[in-house]
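Below you'll find the structure, written out as structure tokens, and then a few comments.
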Amino acid sequence: MGAVEKLDGNKESRIPGEAKEKLKSLASKWDDVLDPNALHVIPLKGAMTNEVFQIKWPTKSDNPSRKVLVRIYGEGVEVFFDRDDEIRTFEFISKHGQGPRLLGRFSTGRIEEFIRARTLSASDLRDPEISSLIASKLKEFHGLEMPGPKTVPLWARLRNWLKTAKSLCSSEEAKAFQLDTLEEEISFLEKELHGHQRIGFCHNDLQYGNIMIDEETKAITIIDYEYSSYNPVAFDIANHFCEMAADYHTDTPHVLDFNRYPDVEERRRFLHIYLTSSGDQASDLEENKLLEDVEKYTLASHMFWGLWGIISELVNEIDFDYMEYARQRFQQYWLRKPLLLGSTGKK
């Protein structure tokens, strides 16, 4: 999940020696850097999977300082995704001009181009102009022709995460989260949501911290592809709408407010722009079908991030109340399931 800048003094000790050597080697190739060894390290706040830092070097001219971004992979997160797949995705996307360039790799992380753009805030997702730009960019992202099979891993991923959550949880936690009922729930969702759906290359974590905007050109860049894969596009959009309930930069970053979930007019506007952004025509029937599918896929999103929260609490050391976050996602799941699928769920 994304990050915003927090000036926090020099934290060079947090950067592994192997990464420092790569950074100094990189800076030595830039003629305008005063001293390649003079790393200024600024932690970026708000990441929930990795540690992220901005690295700056003073330059000889009046030009802005040289900057790169260092991403140190979180402990234990391999349970969620294949890091090699993620690197391949990152390299492919950067080659196609869709994200930051890869500048270097080290055993526990990588060095990326620092994009001179602003990371969005929670309120930006509700801004009609910015939301329209996101809808258009997301349609473009979904159209990326990634190498490899166009299979949908969503349901297998949910089953794997459930298995992992069961293996890590205490019996009390497993009971509180009704983990024994969730295998049946995943199968039920898969059956209910199966159909002739548009499949695209999905980001799967489109929260505001993973979206950047260039204030001058209004260009949107989507970053952080750890969870990216082919999926039904309705799942990706549903996940984006659910993220409007979150603000990860408060004193209680884990607390969600689903009163902020976009109303039907806001959702319809987003979907209309999404469907027509590349010059395509969209019928009312097509818009209504996608609107309905997206709402149903919010249930898969709640299940996805609910299981993620349970596992993260037990493998991740980042200061975030993952269990409470998971509890809220499952609460929404059970609340919304009978309304969206006309079926009653256990509570």
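The values are calculated or read from the model by the stated rules, or taken from the named source; none is laboratory data. From a predicted model like this one, the values you see are computed outputs, not experimental measurements. Note that each Cβ is placed from the backbone with ideal geometry, even for glycine, and that neighbours are counted across all protein chains shown. For the accessible areas, the whole protein counts, side chains as well, though only heavy atoms, and no ligand, DNA or RNA atoms are used. Shrake-Rupley method; radii C 1.70, N 1.55, O 1.52, S 1.80 Å.
Okay, here's what the table says:
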{"quantity": "Residue that is assigned to a loop (DSSP other than H, G, I, E, B) and β-branched (Val, Ile, Thr), where the choices are 115, 87, 42", "calculated": "115"}
{"quantity": "Residues of region 150-172 that turn out to be without any contact (Cβ under 8 Å) to a residue 12 or more places away in the chain and either assigned to a loop (DSSP other than H, G, I, E, B) or crowded, with 16+ Cβ neighbours inside 10 Å (or both), as a count", "calculated": "1"}
{"quantity": "Residue within region 243-261 that is assigned to a loop (DSSP other than H, G, I, E, B), within 20 Å of residue 335 (Cα to Cα) and free of Cβ contacts under 8 Å to residues at least 40 places away in the same chain present", "calculated": "yes"}
{"quantity": "Condition met for residue 24 (at pLDDT 90 or above, open to solvent by 30 Å² or more (accessible area, probe 1.4 Å), in a strand (DSSP E or B) and on the phi < 0 side of the Ramachandran plot)", "calculated": "no"}
{"quantity": "Filtered residues of region 60-85 (kept if open to solvent by 20 Å² or more (accessible area, probe 1.4 Å) and over 19 Å from the mean Cα position of the chain (by Cα))", "calculated": "60, 61, 62, 63, 64, 65, 66, 67"}
{"quantity": "Some residue of region 35-49 being touching a Ser or Thr at 6+ places or on another chain (Cβ under 7 Å) and charged (D, E, K, R)", "calculated": "no"}
{"quantity": "Cβ pairs under 6 Å, 6+ apart, first in region 310-324 and within 17 Å of residue 246 (Cα to Cα), second among the polar types (S, T, N, Q)", "calculated": "322/312"}
{"quantity": "Residues (among the polar types (S, T, N, Q), closer than 16 Å to residue 215 by Cβ and either open to solvent by less than 20 Å² (accessible area, probe 1.4 Å) or touching a helix residue (DSSP H, G or I) at 6+ places or on another chain (Cβ under 8 Å) (or both)) located in region 97-130", "calculated": "119, 121"}
{"quantity": "Residue in region 93-101 that is among the charged types (D, E, K, R) and over 25 Å from residue 137 (Cα atoms) present", "calculated": "no"}
